[in-house]
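Since the structure comes first, as structure tokens, the remarks are kept for the end.
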Amino acid sequence: MVLLTREEQFRKLFPKAPAFRFRQMEEALFSPVFKSFADISNMSLAMRELLTKEISWLAIKEVQVLESAKRDTFKAVVEMVDQKRVETVLMKNARAQWTVCVSSQVGCAMACTFCATGKMGFTRNLIADEIVDQVRFWNIFLRERPKLAQRISNVVFMGMGEPLANYENVKETLSVLLAHTDMGMTRITVSTVGLIPMLRKLLADPKWPAVRLAVSLHSADAVTRQVMMPSSFPAFLNDLAVWTQEYFEKFDSRRRHLTFEYVMLSKINDTEMHAQALITFARKVGNVRINLIPYNFIPQTSKRSAEQAKNVYRGSLPGDFAHFEKTLEEAGVTVTRRRTMGDDIAAACGQLIVDKSES
Ligand code: SF4
């Protein structure tokens, strides 16, 4: 099935319309005032009627929304026009506003062995409208619940898929979000497994906005990393170190916008050897921030338990986690620890999966 973007659909309907007409429509999509094309009163009635008939106000539709017990996380399964499904998450952040976690692909080809999405395999890239509309979906969701805080202040590309494997559509999404929301570049984070050619490409791309980047490191020991992340390769750590130097040369003032993510797995990457390897790596690349992530166990009670049975990983024991963290801090490495949210509805990092029958 050929997926047309909203702009392509618009141009097909109105081939002679001046360019500002599409921009006018795109601005309306983000306005809290409008709920449908019919509301865009500065367009002609004929245009509004045709838009309403031919183009969906949202490129995704809700299948299910789950809410965490603490009401600080919501997870939605959404469906696209070709019936493919992805998950998107809304999380309360430290400023008591909301962060949206978006998916960029249906499934993922990277097959990280600790990740639920990695077990789905890859189906297709999302087009920019389908990613943008995950943010719009949650905006509409919040507007319908006025008792909840209303502001979405951050977006993270940490849902299903490897964003840099869908480079052009993710870049287009960033451009639309930066143009039509009040979020600046520091409020958007693209998380990547570390696709070296794409990391090089974005450094050389004048149109790539300087949003925050979170590179999934997960181990500074090459053998361990390759077990956890089959997309890794023996020279990866060296290539990443070289790239990081290039990043700092280009963005020294934005040095803090680069984070290395490290999911903590018991006896897999949390031993003394792994801590020392990470310290050596951090010293080699310069002062980078390492974000330690508690591993999210997928609940046995869910229908995902068959998948979980194949998953041999367990999160680091609290004492091992604290010791690892302290070892890094004492060596002068900048370390943060990510809060776990939404694990009771399988909305936490690494838990997003849509059953094969659904995707
Ligand atoms: S961790 Fe990210 S890159 Fe790895 S399989 Fe999961 S979704 Fe894909």
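Every read-out reported here was derived from the displayed coordinates using simple, explicitly stated rules and does not represent laboratory data. Because the structure is predicted, anything quoted here is derived from the model rather than measured. Using ideal geometry, Cβ is built from the backbone for each residue, glycine included, and neighbour counts are taken over all protein chains shown.
What is the gain in length, in nm to one decimal, between HIS323 and GLU27 on full extension, counting 0.36 nm per residue of separation less the C-alpha to C-alpha distance?
This chain segment gains 101.6 nm when fully extended.
As a footprinting exposure proxy, order PHE324, PHE14 by other Cβ within 10 Å, with the fewest listed first.
Ranked by crowding around the Cβ, least crowded first: PHE14, PHE324.
Spelling out what I want: for every residue of the stretch 88-94, take phi, set θ = phi - 60°, compute 6.51 cos²θ - 1.76 cosθ + 1.60 (Karplus), and round to whole Hz; glycine and proline get x.
9, 10, 10, 10, 5, 10, 4
Suppose a student asked you for the relative contact order of the stretch 6-54, using Cα pairs under 8 Å spaced at least 6 residues apart; what percent would you report?
With pairs under 8 Å counted, the relative contact order is 29 percent.
Cα atoms only, the chain: Rg and Dmax in Å?
Final numbers for Rg and Dmax: 21.0, 69 Å.
So which of LYS70/LYS326; LYS92/LYS147; LYS12/LYS53; LYS207/LYS250; LYS35/LYS171 end up more than 19 Å apart by C-alpha?
Those over the limit are LYS70/LYS326; LYS35/LYS171.
Charges only on Cβ, +1 for Lys and Arg, -1 for Asp and Glu: so what's the dipole of the stretch 6-54 about the Cα centre, in debye to the nearest 20?
140
What are the ³J(HN,Hα) values, in whole Hz, obtained from phi via the Karplus relation 6.51 cos²θ - 1.76 cosθ + 1.60 with θ = phi - 60°, for each residue of the stretch 196-206 in sequence order, with x given for Gly and Pro?
Listing the rounded values in order: 4, x, 6, 5, 5, 4, 5, 5, 8, 8, x Hz.
Can you list residues whose amide H is under 5 Å from THR334's amide H, if they're 5+ apart or on another chain and H is modeled 1.01 Å from N?
Sorted by chain and number, the residues that satisfy this are VAL288, ILE290.
Quick one: angle between helix 318-330 and the longest Cα principal axis of the chain, in degrees between 0 and 90, rounded to 10, please.
So the helix axis and the longest Cα principal axis differ by about 80 degrees.
At what distance in nm do the modelled label points of ALA149 and GLN64 sit from each other, each positioned 7 Å from its Cα along Cα→Cβ?
With each label placed 7 Å out from Cα toward Cβ, I get 2.8 nm.
Going 7 Å from the Cα of GLU7 in the Cα-to-Cβ direction, what parts of the stretch 153-173 have a backbone nitrogen less than 18 Å from that spot?
166-173
What FRET efficiency, computed as 1/(1 + (r/R0)^6) with R0 = 35 Å and r the Cβ-Cβ distance, is obtained for GLU54 and ARG95, rounded to the nearest 0.05?
0.35
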